[in-house]
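Chemist: Quick one: this structure, given as structure tokens, is what I'll be asking you about.
The values are calculated or read from the model by the stated rules, or taken from the named source; none is laboratory data. This one's a predicted model, so the numbers in the text were calculated from it and none came from an experiment. Cβ atoms come from the backbone with ideal geometry, glycine included; neighbour counts cover every protein chain shown. Remember, those area values only see protein heavy atoms, side chains included, never the ligands or the DNA or RNA. Shrake-Rupley method; radii C 1.70, N 1.55, O 1.52, S 1.80 Å.
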Amino acid sequence: MALPAHAADTSAFSAEDRDYWAWRPLVRAAVPRTTTPTANPIDGFLQERLNEAGIQPAPEADRRTLIRRATFDLHGLPPTPEEVAQFEADAAPEAFERLIDRLLASPRYGEHVARYWLDLVRYAESDGFKSDDLRENAWRYRDYVIAALNEDIGFDRFVIEQLAGDELQSDDPRALVATGYLRLGPYEENGRDVADQRSNILNDITDVTGQVFFGLTIGCARCHDHKYDPILQADYFRLQAFFAALALTDDEPLATSAERAAFAEKQAQWETATATLRDEIAALEAPNREKLMAEKRGVFPDYMQKIFDTPVGGRTPLESQMIELASRQLVVSTEDVAKCMTKEQREAHAALRRRLREEHGAPPAPLPVATLARDIGEVAPPTSIPGDDATIEPGYLSVLGPAPPQIQPIAGRSTGRRLALARWIAGQENTLTPRVMVNRVWQQHFGRGFASSADFGRQGEPPTHPALLDWLAAQWQADGMRFKSLHRLIMTSAAYRRASLDPSPEMLSADPENALYARFVRRRLTGEQLRDAILAASGELNLEMGGPSVRSELPKGISEAYAWKPDKDPAQRNRRSIYLLVRRNLREPLLEVFDMPDTHETCTRRLETTTAPQALFLLNADWSLERAAELSRRVESSESTDAQRAIRAAYRLVFQREPQPDELQSASDFLHRQTGGSGEEKSTPAGGRVGHRTLVGLCHVLLNSNEFLFVD
């Protein structure tokens with residue numbers, strides 16, 4: 001018996017359930033008036049609440065603070081001293097707006113903002129579990145996200161390409177790469193119970209899709225109706241049914257139809273020319289290859305043995321899907337076959353392969369491939385609630401009251417289910433997702449959202465400014481759901497430009513959590529921002545974009561334990577943190593200690609902890625000391641090694657400002673002591689100039705300061 005998508009028992013929903021703030025249609029309220037006619041609409045909503053609370057907001061921050069705040073927020077990097085000086089000298093009223101436009105137009109924008117999305121979708125380049133095997137081409141998805149954000153393609157297209165790029169544009173390599181979203185979950189490469197493995201994959205993508213696009217923790221509806229929110233168990237499996245036909249692939253060519261045809265022609269020519277030799281090689285390999293394959297098949301349970309023995313044409317879509325999953329483990333390499341041969345067979349085998357290379361050369365270079373997903377075919381395996389034989393068709397969350405999905409199979413290729421889901425998520429009738437995304441972008445800039453970014457359900461925090469959240473979501477939809485316009489709107493508000501001063505007793509009493517945004521709250525840099533900022537200060541940051549991920553140099557004990565081989569080229573090791581290899585069971589030490597999230601789970605908001613290992617790493621790690629040494633060399637090469645000029649140069653590179661008189665005196669005293677003024681350091685520089693060793697100490701101190709680690 002089939003249960004139609006629209007046949008949910010919605011009588012279980014109370015009037016309160018249906019009227020919950022997150023499900024309601026967006027209401028574009030009139031913008032409250034402010035004393036300034038040209039004010040940003042955001043400030044109208046915020047000022048109204050401040051007036052009600054009797055709070056006088058903080059004044060605007062100084063120019064250096066604003067450019068540093070905005071540059072870290074949009075680029076994840078500090079501004080250069082020259083950029084700060086130029087902005088401070090620009091007295092035009094629209095100077096800050098021009099700054100925001102410049103930052104949004106830079107490719108550095110996509111490299112930084114992509115990190116928030118990659119946290120959400122738990123991006124990693126390895127499987128997790130015990131073996132944690134690498135996914136050699138997963139980086140292509142990371143590059144897709146960066147490019148899409150830099151191009152500002154619109155959230156609707158961003159969603160559709162990731163959920164169903166193959167169904168939308170099968171001839172567009174970029175759209176194919178986008179479906180890497182479907183392949184980001186942990187994967188147990190040697191799982192023998194294929195049915196259980198398939199279930200885990202589908203549960204994972206269902207849970208993450210609910211979290212990423214709906215801001216809801218829907219996972220508990222897998223076993224029963226949600227305890228707190230109006231999400232039925234049937235709703236969970238309706239959503240999962242959109243993904244029921246998924247098949248994993250690592251060899252899908254990233255090429256247009258014309259490119260594939262050209263490659264196929266070259267491959268066919270090579271195969272024709274080499275057919276005789278290849279047949280001889282295959283005949284020599286066949287007995288051992290069949291033996292090894294039989295051994296690999298033999299480890300699977302009985303139900304899989306029956307499927308293996310079923311002719312291809314007689315398999316159901318579910319059986320075909322499980323065969324595809326199992327076949328990922330049924331790989332017998334030429335090297336494995338050769339190991340099973342006798343000495344004479346190996347010699348004959350090697351001679352044939354040598355002749356193949358010498359007489360015909362290598363086969364055509366393969367087309368690039370990526371870690372992707374597609375459907376097993378036009379017909380999906382059935383979806384049902386465990387323990388119930390009723391088939392559940394795809395459908396949306398019942399409480400939102402949507403019409404049943406209009407699904408059109410794609411002849412010869414796909415079910416069309418994911419495309420239907422993507423279009424609904426990105427469509428104007430879905431008002432939940434715009435609220436979720438606008439709330440997250442607000443959180444990026446203020447450190448907290450209007451509502452809980454992890455849970456828009458009843459267990460999360462209700463919005464502090466529901467009218468403003470709705471207005472922003474409606475405005476974002478009207479602007480084509482483009483992130484850059486949303487960033488610009490938020491960042492040009494008076495609220496964003498306020499100083500991060502200590503609150504007055506009155507302000508603290510009226511608004512202890514700063515929920516009314518009367519002041520800006522200083523925030524510590526993320527691990528990625530900190531690493532990139534240190535490299536930028538030392539002059540070593542490599543701004544090369546894209547391509548395979550890089551391996552940094554790890555402490556010896558970690559490298560030996562994980563057989564880790566860093567990139568030989570130091571310039572590659574010093575690329576931006578977004579391009580570092582992300583391995584689930586081995587996180588970059590600096591990023592881990594500064595709260596990099598666990599990539600097994602989606603992360604909607606990073607922790608911001610203060611721990612002893614953070615200080616110990618920056619003080620004692622070889623990497624930190626080496627960067628201080630490089631910074632000191634940069635100071636030496638850019639300025640005379642006269643003490644005060646060296647101090648000024650270091651302050652400009654680290655803090656993008658000149659030292660205050662007391663700071664200049666304190667740093668001068670420090671250098672004097674280090675060069676023998678108090679007998680503590682015996683190696684006095686010749687000619688009374690500052691020596692390299694003393695500058696390293698000063699640079700190390702500056703890179704460990706709170707002013708460097710925090711953004712006001």
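Chemist: Could you compute the net charge surrounding residue 175? Neighbours are other residues with a C-beta less than 13 Å from the C-beta of residue 175; K and R count +1, D and E count -1.
Modeler: -1
Chemist: For the stretch 164-227, which whole percent of the accessible surface, found with a 1.4 angstrom probe, sits on carbon and sulfur atoms?
Modeler: Carbon plus sulfur share of accessible area: 45 percent.
Chemist: Students often check this: by mean Cβ neighbours within 10 Å, which of 609-616, 71-78 ranks highest, and how do the rest follow?
Modeler: 71-78, 609-616
Chemist: Something else now. Mind checking the per residue accessible area of the chain for me, 1.4 Å probe, whole number of Å²?
Modeler: Per residue, the chain has 44 Å² of solvent-accessible surface.
Chemist: Pulled fully out, how much extra length does the chain show between residue 264 and residue 663, if you take 0.36 nm times their separation in residues and subtract their Cα-Cα distance?
Modeler: 136.8 nm
Chemist: Could you tell me what fraction of 2.2 N^0.38 Å the Cα radius of gyration of the stretch 1-149 comes to, as a two-decimal ratio?
Modeler: Computed over Cα atoms of the stretch 1-149, the ratio equals 1.60.
Chemist: Here's another thing I want to ask about it. What FRET efficiency, computed as 1/(1 + (r/R0)^6) with R0 = 25 Å and r the Cβ-Cβ distance, is obtained for residue 151 and residue 33, rounded to the nearest 0.05?
Modeler: 0.10
Chemist: Now for a separate question. What is the Cα centroid distance between the stretch 422-479 and the stretch 245-312, reported in whole angstrom?
Modeler: 47 Å
Chemist: Here's another thing I want to ask about it. How large is the Kirkwood hydrodynamic radius of the stretch 316-356, in angstrom, based on all distinct alpha carbon pairs?
Modeler: Result for the stretch 316-356 stands at 12.5 Å.
Chemist: A further question follows. Mind ranking 193, 309, 166 by accessible surface for me, highest first, 1.4 Å probe?
Modeler: Accessible-area ranking of 193, 309, 166, largest first: 309, 193, 166.
Chemist: Just the projected area, averaged over all directions, of the convex hull on the alpha carbon atoms of the stretch 398-541: how many nm²?
Modeler: Orientation-averaged projected area of the Cα hull: 13.9 nm².
Chemist: Order 224-233, 434-443, 288-297 from most to least packed using the mean count of other Cβ atoms within 10 Å.
Modeler: Highest to lowest by the protection proxy: 434-443, 224-233, 288-297.
Chemist: Just to check I understand the Karplus step: with θ = phi - 60° and J = 6.51 cos²θ - 1.76 cosθ + 1.60, what whole-Hz values come out for the stretch 393-400, glycine and proline as x?
Modeler: Rounded to whole hertz, the list is 8, x, x, 9, 5, 4, 5, 7.
Chemist: Further, regarding this structure: What is the sum of charges around residue 395, taking Lys and Arg as +1, Asp and Glu as -1, for the other residues whose C-beta is under 11 Å from the C-beta of residue 395?
Modeler: Computed value for this residue: 0.
Chemist: Could you compute the net charge surrounding residue 488? Neighbours are other residues with a C-beta less than 9 Å from the C-beta of residue 488; K and R count +1, D and E count -1.
Modeler: Neighbour charge sum, excluding residue 488 itself: -1.
Chemist: Label residue 348 and residue 571 with points 7 Å out from Cα along Cα→Cβ: what is the distance between them in nm?
Modeler: Distance between the two pseudo-spin positions: 5.2 nm.
Chemist: Given labels modelled 7 Å from the Cα in the Cβ direction, how far is it in nm from residue 296 to residue 522?
Modeler: 5.8 nm
Chemist: Now for a separate question. Beyond 16 Å, what share of the Cα-Cα pairs of the stretch 315-437 is found? Please give it as a whole percent.
Modeler: Within the stretch 315-437, distances greater than 16 Å cover 79 percent of Cα pairs.
Chemist: From Cα pairs below 8 angstrom and at least 6 apart in sequence, can you work out the relative contact order of the chain, rounded to a whole percent?
Modeler: With pairs under 8 Å counted, the relative contact order is 20 percent.
Chemist: Follow-up. So who's got an amide H within less than 5 Å of the one on residue 498, skipping anything under 5 residues away but keeping other chains? H placed 1.01 Å off N, in plane.
Modeler: Hits under the 5 Å cutoff: 61.
Chemist: I've got another one for you. Can you run phi through the Karplus equation (6.51, -1.76, 1.60; θ = phi - 60°) for the stretch 514-525 and list ³J(HN,Hα) in whole Hz, with x for Gly and Pro?
Modeler: Result, ordered by residue: 6, 5, 9, 6, 6, 8, 8, 9, 5, 10, 6, 5 Hz.
Chemist: Could you give the dipole magnitude of the stretch 374-508 about its Cα centre, charging the beta-carbon of Lys and Arg +1 and that of Asp and Glu -1, in debye to the nearest 20?
Modeler: In total the dipole reaches around 640 debye.
Chemist: Which shape class applies to the stretch 198-315: rounded if a/c is under 1.5, otherwise prolate when a/b exceeds b/c and oblate if not, where a ≥ b ≥ c are the square roots of the Cα gyration tensor eigenvalues?
Modeler: oblate
Chemist: Projecting each Cα onto the charge dipole of the stretch 354-445 (Lys/Arg +1, Asp/Glu -1 at the beta carbon, about the Cα centre), which of 410, 364, 390 comes out farthest on the positive side?
Modeler: Value computed over the given set: 364.
Chemist: Hey, what angle do you get for helix 661-672 against the long axis of the chain, alpha-carbon based, 0 to 90 degrees rounded to 10?
Modeler: For helix 661-672, the angle is close to 70 degrees.
Chemist: Work out how much length residue 133 to residue 189 would gain on full extension: take 0.36 nm times their residue separation and subtract the Cα-Cα distance, in nm to one decimal.
Modeler: 19.4 nm
Chemist: Another question about this same structure. How many lysine pairs are close in the chain, with Cα atoms under 22 Å apart and the two 8 or more places apart or on different chains?
Modeler: Lysine pairs, 8 or more places apart or on different chains, close enough: 10.
Chemist: How much length is gained if the chain between residue 508 and residue 625 is pulled fully straight, taking 0.36 nm per residue apart and subtracting their Cα-Cα distance, in nm to one decimal?
Modeler: 38.1 nm
Chemist: Checking the a/c ratio against 1.5 first, then a/b against b/c, what shape does the Cα gyration tensor give for the stretch 372-426?
Modeler: Judged from the Cα gyration tensor, the stretch 372-426 comes out oblate (a/c at least 1.5, b/c at or above a/b).
Chemist: Still on this structure, I have one more. Normalised by the number of residues in the stretch 169-284, what is the relative contact order in percent for Cα pairs under 8 Å and 6+ residues apart?
Modeler: Relative contact order, the stretch 169-284: 24 percent.
Chemist: How many nm is it between the label spots at residue 544 and residue 51, if each spot is 7 Å from the Cα in line with the beta carbon?
Modeler: 5.7 nm
Chemist: Still on this model: As a test of the formula, what do you get for the chain when each DSSP H run with n ≥ 4 contributes -39,500 (n - 2.57) and the sum is divided by the residue count, at 222 nm and rounded to the nearest 500 deg cm²/dmol?
Modeler: -15500 deg cm²/dmol
Chemist: In vacuo Debye scattering of the stretch 476-582, one point per C-alpha: log10 I(q)/I(0) at q = 0.24 Å⁻¹?
Modeler: -1.24
Chemist: Cα centroids of the stretch 86-126 and the stretch 359-412: how far apart, whole angstrom?
Modeler: For the stretch 86-126 versus the stretch 359-412, the Cα centre distance is 35 Å.
Chemist: Using only the alpha-carbon atoms of the chain, report the extent along each of the three principal axes, biggest first, to the nearest angstrom.
Modeler: Principal extents (largest minus smallest coordinate, Cα): 83, 73, 43 Å.
Chemist: Is the stretch 146-200 rounded, prolate or oblate when judged by the Cα gyration tensor, a ≥ b ≥ c being the square roots of its eigenvalues, rounded requiring a/c under 1.5 and prolate requiring a/b larger than b/c?
Modeler: Because a/c hits 1.5 or more and a/b exceeds b/c, the stretch 146-200 counts as prolate.
Chemist: Output wanted: per-residue J couplings in Hz (rounded whole) for the stretch 282-297, from phi through Karplus 6.51 cos²θ - 1.76 cosθ + 1.60, θ = phi - 60°, x for Gly and Pro.
Modeler: 5, 5, 5, 7, 3, x, 6, 5, 5, 5, 5, 5, 5, 5, 5, 5
Chemist: Please give the helix 41-53 orientation as an angle from the longest Cα principal axis of the chain, in degrees from 0 to 90, rounded to the nearest 10.
Modeler: Helix 41-53 sits at roughly 60 degrees to that axis.
Chemist: A follow-up question, please. For a label point 7 Å from the Cα of residue 303 along Cα→C-beta, name the residues of the stretch 159-190 whose backbone N is under 12 Å from it.
Modeler: Correct set: none at all.
Chemist: Just to confirm the number: angle between the C-alpha axis of helix 622-638 and the first principal axis of the chain, 0 to 90 degrees, nearest 10?
Modeler: With rounding to tens, the tilt is 50 degrees.
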